[in-house]
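Let me begin by presenting the structure, written as structure tokens, before commenting on it.
The values are calculated or read from the model by the stated rules, or taken from the named source; none is laboratory data. Remember, it's a predicted structure, so these values are computed and weren't measured experimentally. Reconstructed Cβ throughout: ideal geometry from the backbone, glycine too, with neighbour counts over all protein chains shown. Each accessible area value is taken on the protein alone, full model and side chains, heavy atoms only, with ligands, DNA and RNA left out. Shrake-Rupley method; radii C 1.70, N 1.55, O 1.52, S 1.80 Å.
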Amino acid sequence: MRQRDPFGMALASLRTAIEGGLAPGQHLSVADIAASLSLSTSPVREALSRLCGEGLVEDRRGLGYFTRPTPLEDILGLLDLEAIHVRLAARDTGLADPIDATDPTIELWIADVMAHCESQPLIESLLRVRSRLAPLRRLGEAPAQPAAAESDDRLGAYYARWRIAAGMLAARVRRLDPGHSEYTRNIV
């Protein structure tokens with residue numbers, strides 16, 4: 001029985017980091033990853049190659065490995081998909097609409113909707129969509145809602161603001177500060 005599977009360790013660690021919030025377009029240094037996992041670079045390269053095949057990572061020849069950037073169309077599609085999921089889950093729960101369209105209020109309301117929704121597949125799907133959007137949301141905020149723009153559809157206003165922010169987020173993804181990741185510290 002093997003005591004240690006370097007490839008499996010590298011693959012699991014990278015997958016967890018990517019799914020846990022490495023920003024799209026972020027550089028992944030093979031040497032830094034290997035050092036942080038106390039592995040040689042070979043299993044890390046193999047793991048990154050596998051993740052390239054799964055579409056989670058890009059190999060930019062001569063530049064290294066990067067998490068897959070999220071084009072504007074993908075961000076908009078994810079926002080639309082999340083909005084549909086939230087509306088379906090809200091319809092299932094019968095909860096009252098959010099009291100205003102601010103981000104904290106809507107986020108709390110969505111959490112409440114998810115806690116009360118009885119459709120487990122819908123919640124699992126919504127969680128996957130939200131996990132894909134989470135790193136992007138951490139990059140910036142939706143613009144503030146103008147006072148005159150208050151409407152009855154507060155959820156619609158929330159997603160309209162995030163659709164506006166999507167263009168800025170997509171542009172910002174390529175200019176990330178790598179200092180926020182344990183895999184991009186340049187410790188070597």
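When all alpha carbon pairs of segment 73-169 are counted in 5 Å bins from zero, the resulting P(r) reads 2, 13, 25, 26, 20, 11, 3, 0 %.
The residues of segment 8-48 expose on average 36 square angstrom of accessible surface per residue, using a 1.4 Å probe on protein heavy atoms.
Of all accessible surface on segment 1-120 at a 1.4 Å probe, what whole percent is carbon and sulfur? Ligands and nucleic acids excluded, carbon and sulfur reach 55 percent.
The 1.4 Å probe gives accessible areas that order 105, 67, largest first, as 105, 67.
Other residues within the sphere of radius under 13 Å centred on the Cβ of residue 116, judged by their own Cβ, net out at -2 (K and R +1, D and E -1). Accessible area ranking (1.4 Å probe, heavy atoms, ligands and nucleic acids excluded), largest first, for 163, 137, 91, 15: 91, 163, 15, 137.
Ranked from largest to smallest solvent-accessible area, with a 1.4 Å probe on the protein heavy atoms, 40, 125 come out as 40, 125.
Look at the Cα gyration tensor of segment 13-80: its axes a ≥ b ≥ c give a/c of at least 1.5 with a/b over b/c, and that counts as prolate. Where the centre of each part is set by its Cα atoms, how far does segment 32-51 sit from segment 56-125, in angstrom? Here the answer is 31 Å between Cα centres. For the pair residue 92 and residue 60, a Förster radius of 45 Å applied to the C-beta separation gives a FRET efficiency near 0.55, rounded to the nearest 0.05.
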